[in-house]
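Trainee: Dropping the structure in here first, questions after.
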Amino acid sequence: LKFIFGPSAVPALDLVDQRSVTRVVSPSGRTAYQVLGSSGKLYTCYSSCHFCTCPAFGFSVLQKSESLLCKHILAVYLSRAMGACQELTVSEEQLTNILLAEEEEEG
């Protein structure tokens, strides 16, 4: 994994070991993932469009193109593959609030 994903591999595996990845699902089937980062901050990841709200994703992946993904997205993919995601079912309104909270923090 480290050969393919570089420095994100070991921290991502640590997040998986700590069960930091939660799959958030609404009744309509919309899904997002929340990852509790090593700093204690909660990041929202979208595996369907390969995006994370963390600063490392914005800088290393989007701006510099130095990496394919951040440790949070890799942790989502690994957790899904290993069946290690926690599950949280929320209402449509709660999911909307989660998504809008991330947007407000960025803006």
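Trainee: Along the range 37-49, what does the Karplus equation 6.51 cos²θ - 1.76 cosθ + 1.60 (θ = phi - 60°) give for ³J(HN,Hα), rounded to whole Hz, x for Gly and Pro?
Mentor: x, 5, 7, x, 8, 9, 10, 9, 10, 10, 5, 5, 10
Trainee: Something else: Can you list the residues, at least 5 places off or on another chain, whose amide H is less than 5 Å from the amide H of VAL90, using H built in the peptide plane?
Mentor: It is VAL25, SER26, by chain and number.
Trainee: Now, a different point. Expressed as cubic angstrom per residue, what is the convex hull volume of the alpha carbon set of the chain?
Mentor: Expressed per residue, the convex hull around the Cα atoms of the chain is 100 Å³.
Trainee: Could you state the accessible area per residue of the chain in Å², with a 1.4 Å probe and every protein chain left in place?
Mentor: Roughly 59 Å² per residue, with all protein chains present.
Trainee: While we're on this one: With a cap of 16 neighbouring Cβ atoms within 10 Å, and only residues DSSP puts in a loop, list the trypsin sites (Lys or Arg not before Pro) found in the range 1-56.
Mentor: ARG19, ARG30, LYS41
Trainee: List the lysines whose Cα sits under 18 Å from the Cα of LYS2, skipping any in the same chain fewer than 8 residues away.
Mentor: LYS71
The values are calculated or read from the model by the stated rules, or taken from the named source; none is laboratory data. Predicted model, so just to flag it, every value in this text is computed and none were measured. Every residue, glycine among them, receives a Cβ derived from its backbone with ideal geometry; neighbour counts consider all protein chains shown. Only protein heavy atoms, including side chains, enter the accessible area calculation; ligands, DNA and RNA are left aside. Shrake-Rupley method; radii C 1.70, N 1.55, O 1.52, S 1.80 Å.
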